[in-house]
Amino acid sequence: MKKLFLLALLTCLTFVSCSKEDTEKITDEKPATEFVTKATWVTNVASDALSSKEKIRQTVENCQNAGLNTIFMVVWNKGYTLYPSKVMDDLCSKPIAPEYDGWDPLAEMILQAHQKGIRVHAWFEYGFACSYAQNGGHIIAAKPYWASEDINGNLLNKNGFEWMNPFHPEVQDFMIALVSEVVKNYDVDGIQGDDRLPALPIQGGYDTFTQELYKTEHNGIAPSLSANEQNWVSWRADKLTEFQGKLYKAVKQIKQEVIVSNAPSIHPWAKGNYLQDWPAWMEKGYTDLVMPQHYRKTFDDYKTVLTQQLSYLQNKDRKKFLPGMLIQNGNENPSESILIQMIRENRYRGIKGEGFWFYEGLNKFPGFFKDYKEGKYN
């Protein structure tokens, strides 16, 4: 009996010892490092960054040398994809933008970037815009009833961009199909919409389909003839919020780990002009990362906009927020001293990363990005 007691005691002590050791191992483990997005947008407009495999290699190398870890690569603009698309082929026999026929820029970017440890988000730049100064282009030629219309019954045109109707279920299905195609077929780290996804210029929504939908939901009352009437604005903005939720769900059902990010215009201007209510997207959990376009050339203007945008966030959403910053637009650049002030303001506000608009501006600030990579502004 005594031997049995000692054996039981020894077993108990061994269990306790092992449990204590295991606990120490667990508590000694360092928590996972939070990923801080430091990004730029790479487009094929006013840039040759995507014009060849060699240019893509150079683009990735330049981003790495600048201390960036994320590339938002355009995959949808001017009514074309920058990857071979069955969705577009089925719609209008335009599987890829003509200048990329025979190769796949998106696949090449992912290959090159991932080798350098850089993430790639597929950026659907044109969103619900179908063309620029092409009267709707090949998409509206194939599907005339997809057009969004202004109050005069004309194809909606805002600053040269021509728009599809984002309230039409076929148009919504088309956009979700484009995004889903990329998520299914490519090892992307994220997808992104911007100030055109989801969006519609406030002058739109007067096509027959949308007016009838509004009447159905308002006891037969037609939408206001004033595009700025508050109930009409909110109804359309809410419909786009619903679409953002559908898009988010579609992506997550394919690959849960893929980030859904947005780079809308600043609030409330975004809602009042393009029906983008991004604070609602965040509140409802329909986005993983919002990067409003804080594109300002002076520090005071930047600080004012940043303060304003932060005021629309709930505390739980602050980690989902990063500012988009201007480093080049056309041939214009802020001064390096102002850029440094902006970065320091971000850090002062607890913002650890940012997105730089756009890639071509990297080489205008070699000293700044050398310090940025070395962690001077962390």
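The values are calculated or read from the model by the stated rules, or taken from the named source; none is laboratory data. Small disclaimer: the values here were computed from a predicted structure and weren't measured. Neighbour counts are summed over all protein chains in view; Cβ atoms, including those assigned to glycine, are modelled from backbone coordinates with ideal geometry. The area values use the complete protein model at the heavy-atom level, side chains included, leaving out ligands, DNA and RNA. Shrake-Rupley method; radii C 1.70, N 1.55, O 1.52, S 1.80 Å.
Annotations
- Pick from the range 120-169, criterion open to solvent by 10 Å² or more (accessible area, probe 1.4 Å), under 18 Å from residue 97 (Cα atoms) and in contact (Cβ under 8 Å) with a residue 60 or more places away in the chain, ranking: nearest to the chain's Cα centre (by Cα): 125
- Where helices (runs of 4 or more DSSP H) sit wholly within the range 271-367, those with at least 2 residues that are at pLDDT 95 or above and surrounded by fewer than 17 Cβ atoms within 10 Å (Cβ to Cβ) occupy 299-310, 336-348.
- Taken over the range 284-318, the criterion of being within 20 Å of residue 358 (Cβ to Cβ) and free of Cβ contacts under 8 Å to residues at least 12 places away in the same chain is satisfied by 301 alone.
- Every residue from the range 85-102 that is free of Cβ contacts under 8 Å to residues at least 12 places away in the same chain and of a type in the set (Ser, Thr, Tyr): 93
- Which numbered condition residue 205 misses (of (1) at positive phi; (2) without any contact (Cβ under 8 Å) to a residue 24 or more places away in the chain): (2)
- Against the numbered list (1) open to solvent by less than 60 Å² (accessible area, probe 1.4 Å); (2) farther than 25 Å from residue 295 by Cβ, residue 201 comes up short only at (2).
- From the list 212, 242, the lone residue that is within 20 Å of residue 289 (Cα to Cα), of a type in the set (D, E, K, R) and surrounded by fewer than 22 Cβ atoms within 10 Å (Cβ to Cβ) is 242.
- Residues (open to solvent by 10 Å² or more (accessible area, probe 1.4 Å) and either assigned to a loop (DSSP other than H, G, I, E, B) or closer than 22 Å to residue 195 by Cα (or both)) located in the range 253-270: 255, 256, 257, 259, 265, 266, 267, 268, 269
- Residue in the range 74-84 that is touching a residue at least 24 places away in the same chain (Cβ under 8 Å), under 16 Å from residue 125 (Cβ atoms) and of a type in the set (D, E, K, R) present: yes
- Failed item in (1) free of Cβ contacts under 8 Å to residues at least 40 places away in the same chain; (2) touching a Lys or Arg at 6+ places or on another chain (Cβ under 9 Å); (3) within 21 Å of residue 279 (Cβ to Cβ), with residue 244 passing the rest: (1)
- Residue check, residue 79 at pLDDT 95 or above and open to solvent by 40 Å² or more (accessible area, probe 1.4 Å): no
- So residue 185, is it among the polar types (S, T, N, Q), within 30 Å of residue 36 (Cα to Cα) and modelled with pLDDT of 95 or more: yes
- Of all the listed residues (36, 42, 60), the sole one being touching a Phe, Trp or Tyr at 6+ places or on another chain (Cβ under 6 Å) and under 25 Å from residue 193 (Cβ atoms) is 42.
- The C-beta contact set for the range 171-184 (first residue on the phi < 0 side of the Ramachandran plot and of a type outside the set (Lys, Arg), second residue surrounded by fewer than 21 Cβ atoms within 10 Å (Cβ to Cβ) and at pLDDT below 95, distance under 6 angstrom, 6+ apart or interchain) is empty.
- The range 171-201: number of residues that are among the aromatic types (Phe, Trp, Tyr) and either closer than 27 Å to residue 115 by Cβ or part of a loop (DSSP other than H, G, I, E, B) (or both): 1
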